[in-house]
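To keep things clear, I will list the structure first and then write my remarks on it.
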Amino acid sequence: MFSKLVLSLLLVGSSAFVQRALPAARVRNARVAPSMAAQIDLTGKVAFIAGVADSTGYGWAICKALANAGATITVGTWPPVLGIFEKSLSTGKFDEDMILDDGSTMKIAKIYPLDAVYDTFADVPEATRTNKRYAGLTGYSISEVAKAVEADYGKIDILIHSLANGPEVTKPLLETSRAGYLAASSASAYSFVSLVSNFAPIMNEGGACASLTYIASEKVIPGYGGGMSSAKAQLESDTRVLAWEAGRKHKVRVNTISAGPLKSRAASAIGKEVGKKTFIEYAIDYSFANAPLQRDLESDNVGSTALFLCSPMAAAITGVTMYVDNGLHAMGLAVDSKAMQMD
Ligand code: NAD
């Protein structure tokens, strides 16, 4: 047993050495998400996941992880992309991505239009109400959606915030306008405060809320601009305060997951200069080259962490920022830096 351990440690050590000399082949990880469904049973629990509009993002992976464990899945979708999301679902575009561990198909019990920058209908400006992308829709402010969810399901158990928006994300902070900065904060940070404040009263005791954050909140990540880094710092600080307040007032937990880079639709929209990598492309390559775990991050890795955090297995965990980034947050040196090379 001991010699086996020593041998495997030696092998890990030597393969790490080889990987520095010869970059490891980028293969998809054979088995990304441990099958947690067997250990976590969320049958009878209801989850509301805000920020799902296609199958590429973290919100979708969280839906799947929770559905694998038996939870009822409801989602909140931004009105401008609601039509395309519903069409893609009905025409089978996501069929393959909906297959659960047991071979069955994930069911999204209900899709609510949700614009998380509005708390009440009175907050919605006339220009938005009459915008063609909002035409025919009502009840998409956060408080209205919470009321609709309560009318449909009574109390729920899990609230996920998987959304962000920063209209000036491609601009450095020095060039970000006040309006752009505040818009990033409103859509990406206050939206979580408002969701927790409106949903916690309709959550069962022991329920859990979680959001998605990014390391740019605490370390400088050039390219993640427009006040988005500030919004993520707010989100993490608010997680701690909300954990205290909602813990005492509603007996629910509040955590955030600091996820590594993923080529989602939202992330792909950050910066594209002709002939250059996009922000997310170099963030993924940087992570692969420098993180302790030299493997591609899969959205399911975040899905299974959200499942754990929202399950009774994490009953005593609240107020944390949990890193799911192959360990990149722990690094203080870029091992692939040109400065490390011998001339
Ligand atoms: P995504 O495109 O799947 O999710 C973003 C969602 O936000 C979209 O569905 C979009 O429609 C929605 N949205 C935007 N404005 C909205 C509004 N006003 N109201 C309601 N919904 C709105 O992309 P994603 O990258 O999976 O993002 C999910 C979360 O993960 C975000 O908080 C993001 O910052 C975070 N995150 C992403 C990465 C990454 O590399 N992709 C890394 C760390 C954290």
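The values are calculated or read from the model by the stated rules, or taken from the named source; none is laboratory data. Note that the structure is a prediction, hence the values are computed from the model and not measured. Counting neighbours? That spans all protein chains shown, and the Cβs are built from the backbone with ideal geometry, glycine included.
Can you pull out the strands (runs of 3 or more DSSP E) entirely within the stretch 142-261 that have at least 1 residues that are touching a residue at least 60 places away in the same chain (Cβ under 8 Å), surrounded by fewer than 20 Cβ atoms within 10 Å (Cβ to Cβ) and more than 14 Å from the chain's Cα centre (by Cα)?
Where strands (runs of 3 or more DSSP E) fall fully within the stretch 142-261 and carry at least 1 residues being touching a residue at least 60 places away in the same chain (Cβ under 8 Å), surrounded by fewer than 20 Cβ atoms within 10 Å (Cβ to Cβ) and more than 14 Å from the chain's Cα centre (by Cα), they are 203-213.
Determine, yes or no, whether LEU137 is of a type in the set (A, V, I, L, M, F, W, C) and within 24 Å of the chain's Cα centre (by Cα).
When the stated conditions are applied, LEU137 does not pass them.
So how many residues does the stretch 50-83 have that are near the ligand (Cβ under 10 Å from one of its atoms) and aliphatic (A, V, I, L, M)?
8
Would you please name the residue that is nearest to LEU307 (Cα to Cα), looking only at residues in the stretch 130-165 that are among the charged types (D, E, K, R) and more than 16 Å from the ligand (Cβ to nearest atom)?
Taking the stretch 130-165 and keeping what is among the charged types (D, E, K, R), we get 132-133, 144, 147, 150, 152, 155, 157.
Now narrow it down to the ones that are more than 16 Å from the ligand (Cβ to nearest atom): 132, 147, 150, 152, 155, 157.
Values: LYS132: 36, LYS147: 25, GLU150: 22, ASP152: 23, LYS155: 19, ASP157: 12 Å.
If we take residues in the stretch 130-165 being among the charged types (D, E, K, R) and more than 16 Å from the ligand (Cβ to nearest atom), then ASP157 is nearest to LEU307 (Cα to Cα).
May I ask you to say which residue of ARG253, ARG248 is out of contact with any helix residue (DSSP H, G or I) (no Cβ under 9 Å at 6 or more places or on another chain) and away from the ligand (no atom under 16 Å from the Cβ)?
Answer to the check: ARG248.
State all residues of the stretch 294-323 that are β-branched (Val, Ile, Thr), crowded, with 21+ Cβ neighbours inside 10 Å and either in contact (Cβ under 8 Å) with a residue 60 or more places away in the chain or touching a Lys or Arg at 6+ places or on another chain (Cβ under 9 Å) (or both); if no residue qualifies, say none.
Within the stretch 294-323, just VAL302 meets the criteria.
It is to be established whether one or more residues within the stretch 193-207 are closer than 25 Å to ASP325 by Cα and near the ligand (Cβ under 10 Å from one of its atoms).
no
Pull out all pairs, ordered by first then second residue, where Cβ-Cβ is under 9 Å, the residues are six or more apart or on different chains, the first lies in the stretch 105-133 and is more than 20 Å from SER186 (Cα to Cα) and in a loop (DSSP other than H, G, I, E, B), and the second is at pLDDT below 95 and more than 10 Å from the ligand (Cβ to nearest atom).
none
Can you find a residue in the stretch 266-278 that is more than 8 Å from the ligand (Cβ to nearest atom), at pLDDT 90 or above, more than 17 Å from VAL52 (Cβ to Cβ) and assigned to a helix (DSSP H, G or I)?
No, there is no match, as no residue in the stretch 266-278 is more than 8 Å from the ligand (Cβ to nearest atom), at pLDDT 90 or above, more than 17 Å from VAL52 (Cβ to Cβ) and assigned to a helix (DSSP H, G or I).
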